[in-house]
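These notes are about the structure you will find just below.
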Amino acid sequence: MTIIILSDGYKGGTSKFLENIITYNIRFKKNKIILIDKFPTKTFPNIKENSQLKVYSVDALKNKTKVKKIFSKYIQENPIFFFTNYAFLVLYFYFFFSKASKLALALHSGIFKINIKVILAITLFSIMSLKINFLIFGSNSSKQWWFSRFPWMRLVNNRIIYNGIQDGFYQKKKNKEFRVSFVGRLEIENNPSLFLDLSLLYKKNKKIQFNVFGDGSLKKKLSLKNNNVKFWGWRKLQTVYSNTDIVIITSPLNNFPYTALESHSFGKPVITCAKGDIRKIIKNHINGYYCNDFSVVTFNKYLLKAISNYDLLTKNSYENSKKFNLSNSCKKVLSFIKN
């Protein structure tokens, strides 16, 4: 089976999902993968081209002519086109169906930035989605977001397949200081400003340190807000979690985030107020805390609780991560689109 993966160059949970699918295929020599991405070495730093994987550095959202030429090279192999951005279905709709192609789409969240143009685009997409062969939701909350707005999408062959995670590395905490981290994209929907507001409470407390791992459009603005936070940019997981003891997720909605899974795989408890299937990962008072009040006071309350109960939370976090096996998740995705 040949799978052509269309990526939009957006680094985050969806790119991690695609990277896991690619890595699984390479590791177990399952399928031939064609990857098209704007900046593949940046978006997918952990994968390298080999006999199973052919990589094209092309902006698939802007260079349709070049992308179609790439498609034509493989169309005789009856490929499955796999993507996570609904815009690809709209852009290449005519090509896909003039060639009777099979399509697999994974939706891991709803749409956060809503305006007239976006509403028109996703409505058009929802109608076109009736031609999709395999629709994968990364969580129940993501599925409900789309189905509640576009009920006709229920007619599409769909399945919920939760993300998986590789085993991390658990090491018992040795130092007395606590390092608190925000891990993710620095965008409005993730509410990183709240994390920085929390850090201001500890400007004179050197025993609690604050880190931001990630990048995005708000980075410059946030980095000027105070000097009590260290901004690392994107780093390898080992670097992130060797410099982290507790992770705080400040977004109001999180479906089934890799951040929570990865944190637990390294034995790092998570504090959040987010709604969504993230609460299937975090067990309140067992491996972290979740609440319903998005305020600095509330987050600080649970941060202090996490510090007091750290030994229990960190051990339970690591044990909980074993429930979300990466190979099983990838196997379910490939089995679904193959059938």
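What follows draws every value from the coordinates through simple rules; no lab data is involved. If you're wondering where the values come from, they're calculated on a predicted model, not measured in any experiment. Ideal geometry is used to build each Cβ from the backbone, glycine not excepted, and the neighbour counts take in all protein chains shown.
So how much slack lies between D293 and K305, counting 0.36 nm per residue of separation and subtracting their Cα-Cα distance, in nm?
On the way: separation 12, 0.36 × 12 = 4.32 nm, distance 1.57 nm.
So the chain would gain 2.7 nm between D293 and K305.
Here the Gaussian network model covers the chain, with springs between Cα atoms less than 10 Å apart; of S51, S129, S141, S51 fluctuates the most.
If the chain between D59 and K173 were fully stretched, how many nm would it gain, using 0.36 nm times the residue separation less the Cα-Cα distance? Show your work: numbers first, answer last.
Numbers: separation 114, 0.36 × 114 = 41.04 nm, distance 4.36 nm.
Gain in length upon complete extension: 36.7 nm.
Show me the chymotrypsin sites (Phe, Trp or Tyr not before Pro) within the range 85-133 that DSSP assigns to loop and that have at most 14 other Cβ atoms within 10 Å of their Cβ. Walk me through the intermediate numbers first.
Working: sites: Y86, F88, Y92, F93, Y94, F95, F96, F97, F112, F125; in loops: Y86, Y92, F112.
Qualifying residues, ordered by number: F112.
Between amide H atoms placed 1.01 Å from N, distances below 5 Å from K230 occur with F210, N211, V212, all of them 5 or more places distant or on a separate chain.
Using Cβ contacts closer than 10 Å as the measure, can you line up W234, W146 from fewest to most? Don't skip to the answer; put the middle values down first.
Details: W234 14, W146 24.
In order of increasing Cβ crowding within 10 Å: W234, W146.
Here is the list for the range 85-155: trypsin sites (Lys or Arg not before Pro) lying in DSSP coil, each with at most 12 other C-beta atoms within 10 angstrom of its C-beta, are K113.
Which whole number of Å³ per residue matches the convex hull of the alpha-carbon atoms in the range 70-210?
Details: hull volume 25.3 nm³, N = 141.
Convex hull of Cα atoms, per residue: 179 Å³.
Comparing L107, L261, L312 in a Gaussian network model of the chain (Cα springs below 10 Å), the most mobile by mean-square fluctuation is L312.
What full-extension length gain, to one decimal in nm, is calculated for R149 and Y10 as 0.36 nm per residue of separation minus the Cα-Cα distance? Please list the in-between numbers first.
Details: separation 139, 0.36 × 139 = 50.04 nm, distance 2.47 nm.
Here the answer is 47.6 nm.
Please work out the C-alpha center-to-center distance from the range 81-99 to the range 231-260 and express it in whole Å. Between the Cα centres of the range 81-99 and the range 231-260 lies a distance of 32 Å. Measure nothing fancy, just the Cα-based angle from helix 326-338's long axis to the longest principal axis of the chain, in degrees from 0 to 90, nearest 10. Result, in degrees: 20.
Each Lys and Arg Cβ is given +1 and each Asp and Glu Cβ -1; about its Cα centre, the range 178-321 then shows a dipole of about 460 debye.
The alpha carbons of the range 233-324 stretch over 31, 29, 27 Å along the principal axes, in descending order.
Note that the range 80-159 shows a convex hull volume over its alpha carbon atoms of 82 Å³ per residue.
The charge dipole of the chain, taken about its Cα centre with unit charges on the Cβ of Lys, Arg, Asp and Glu (plus for the first two, minus for the last two), comes to roughly 420 debye. Between the helical axis of 116-128 and the longest alpha-carbon principal axis of the chain there is an angle of about 50 degrees. Among F39, S295, A121, flag the residue with its Cα farthest along the positive direction of the charge dipole of the chain, charges on Cβ as +1 for Lys/Arg and -1 for Asp/Glu. It is F39. The angle between the Cα long axis of helix 296-308 and the main principal axis of the chain comes to about 70°, on a 0 to 90 degree scale. Backbone geometry of the range 187-197 corresponds, through the Karplus equation with coefficients 6.51, -1.76 and 1.60 at θ = phi - 60°, to 3J(HN,Hα) couplings of 10, 4, 5, 9, 6, x, 4, 5, 5, 5, 4 Hz, x marking Gly and Pro.
Only one residue of N133, N211, P151 has its Cα farthest out toward the positive end of the dipole of the chain, where Lys and Arg carry +1 and Asp and Glu -1 on Cβ, and that residue is N211.
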